[in-house]
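Quick notes on the structure that follows.
The values are calculated or read from the model by the stated rules, or taken from the named source; none is laboratory data. A quick note: this is a predicted structure, and the numbers were derived from the prediction, not measured. Note: ideal-geometry Cβ built from the backbone for every residue, glycine included; neighbour counts use all protein chains shown. Just the protein is used for accessible areas: all its heavy atoms, side chains included, with ligands, DNA and RNA removed. Shrake-Rupley method; radii C 1.70, N 1.55, O 1.52, S 1.80 Å.
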Amino acid sequence: MKTLTAVAHKVQLVDGVFTATEAKDVVNSLINEKVNFHKIQRLAMCEGDCDSDTSYDDGRVAQLLQEKENFKEVYQEAKLSGKKVRISGVLTVDIID
């Protein structure tokens, strides 16, 4: 069983108001970095064993790409209405057993 300790660290990754185009760039860049991370993890696992279970990384890549698609609606709505987009993202890092 994993037990959480107090929050070890928080990282304010992004916090601001952006134009629709800037918001699209920020969100897509963050998602692309995570997609690349999981692709590299998957490649590293398969390098030594072609039969490695990569289902977690495969699932995360698919989920992230879906989130990217879902964000298109927000981006298009903001762009068409001439509104700004507020993005706030905090990474919470916990040390667990």
* Limited to the stretch 64-97, what total is found for residues that are farther than 18 Å from V11 by Cα, open to solvent by 80 Å² or more (accessible area, probe 1.4 Å) and either among the β-branched types (V, I, T) or not in a helix (DSSP H, G or I) (or both)? -> 3
* Structure fact -> Counted residues in the stretch 21-48 being more than 18 Å from the chain's Cα centre (by Cα) and of a type in the set (A, V, I, L, M, F, W, C) come to 4
* Asked: Which of (1) over 18 Å from V74 (Cα atoms); (2) surrounded by 13 or more Cβ atoms within 10 Å (Cβ to Cβ) does V14 not meet, given it meets every other one?
  -> (1)
* To do: Could you look through the stretch 17-57, keep only residues that are at pLDDT below 95 and outside any helix (DSSP H, G or I), and pick out the one that is most open to solvent (accessible area, probe 1.4 Å)?
  => D51
